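A.B. asks: For reference, the structure I am asking about is given below.
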Amino acid sequence: MLLEIQKQISKTMELLPPPKAETKKGYNGSKRGSAPVTGKMSHLGCLTINYDTIEQPLLLIQGICTNLGLELGTNLHLAINCAAHELMDYSKGKYEVMVGTYKAAAEMVDLYVDLINKYPSIIALIDPFRKEDSEQWDSIHNAVSSRCYIIAGAASKSISKLLEQGNISTPKSHGLIMKHTNQTTVSDLVEITNLIDSQKYISILGSTEAESSDDSLVDLAVGLGVRFIKLGGLSRGERVTKYNRLLTIEEELVQNGTRGYNEEYIFFDFNEDAKRTPEAAATEADELLRPLEPIFPTEVVEEPAKT
């Protein structure tokens, strides 16, 4: 399904010029280049396009899904990797959401809320702000946490610091993305996953930029029981092999009669905690944020199977 959507987008983009590389000011005022783009493909294997409004990419996906007989919000959900730390122009102190269009952190909250209101199929925002914008993390969480996951990726602390402190509440979010790096052992991942689950947050396993064709990351995600897996775009062998492994696991579970069933996404609103007793809040959080069974094939941020 996702591959067919990407093929349709590629066809639509054939006559479009590739995006131009941009530069923004870093902390010390030097020019900071954006992530490298090869043709119309980013370093994460995602298609890149020129657009005049924030909504155009979403409208493109929506139109293609309609042509394929798919309904956004039913057959397919969307997660937006905002990567706010890459949007920041430090010379202006604002986020550059499009070429020449700058938004202050407070304005970004309104932008995200407006998008989610117009496109309820968006069920997750990843790194909507830099970790320094803690006030805006609180604001966006307060505004949309009952209908959209707010996820910390680059904005979260390292796994070692999280394990040391034993607290994952900063920045305010529903959960965080873990990565299996050379500095992270499988034991660390098991421990941090247990910590995340114990505090009623969502765990996501993400691939690193220095990828290989080793597809064991998918098996690790299934074994850990994470809610989602973040693999990047459907291009290049090192990513495609992971998607193929995900589908193979699905087939194995179907054959064994242990494949999960579809459930609607239920978002627990942490803002309601203050209105209930700690015991009632903990009970409801346990019921609403319990691990859901997977839907295959899944969203751009994939939801792995459970054994």
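Read the figures in this text as sums done on the coordinates, not as results from a lab. This is a predicted model, so every value here is computed, not measured. Here Cβ is always computed from backbone atoms with ideal geometry, including for glycine, and neighbour counts include all displayed protein chains.
A.B. asks: Using a Förster distance of 30 Å, how high is the FRET efficiency between residue 183 and residue 134, based on the Cβ-Cβ distance and rounded to 0.05?
C.D. replies: Details: r = 26 Å, r/R0 = 0.85.
Working from the Cβ atoms, E equals 0.70.
A.B. asks: Among the listed pairs 179/200; 40/94; 131/179; 11/242, which are separated by more than 21 Å between their Cα atoms? Walk me through the numbers before you get to the answer.
C.D. replies: On the way: 179/200 19 Å; 40/94 26 Å; 131/179 18 Å; 11/242 24 Å.
Beyond 21 Å: 40/94; 11/242.
A.B. asks: Here is a follow-up. Once the piece of chain linking residue 83 and residue 241 is laid out straight, how much longer is it, given 0.36 nm per residue of separation minus the C-alpha distance between them? Please report the intermediate quantities before stating the final value.
C.D. replies: Details: separation 158, 0.36 × 158 = 56.88 nm, distance 2.48 nm.
54.4 nm is the gain from fully extending residue 83 to residue 241.
A.B. asks: At 0.36 nm per residue, minus the direct Cα-Cα distance, what do residue 163 and residue 70 gain on full extension? Give it in nm, one decimal, please. It would help to have the intermediate numbers written out before the result.
C.D. replies: Values: separation 93, 0.36 × 93 = 33.48 nm, distance 4.14 nm.
Working it through step by step, the gained length comes to 29.3 nm.
A.B. asks: Also: Can you give the FRET efficiency to the nearest 0.05 for residue 102 and residue 170, using r as the Cβ-Cβ distance and R₀ = 22 Å?
C.D. replies: Efficiency, from the Cβ-Cβ distance: 0.25.
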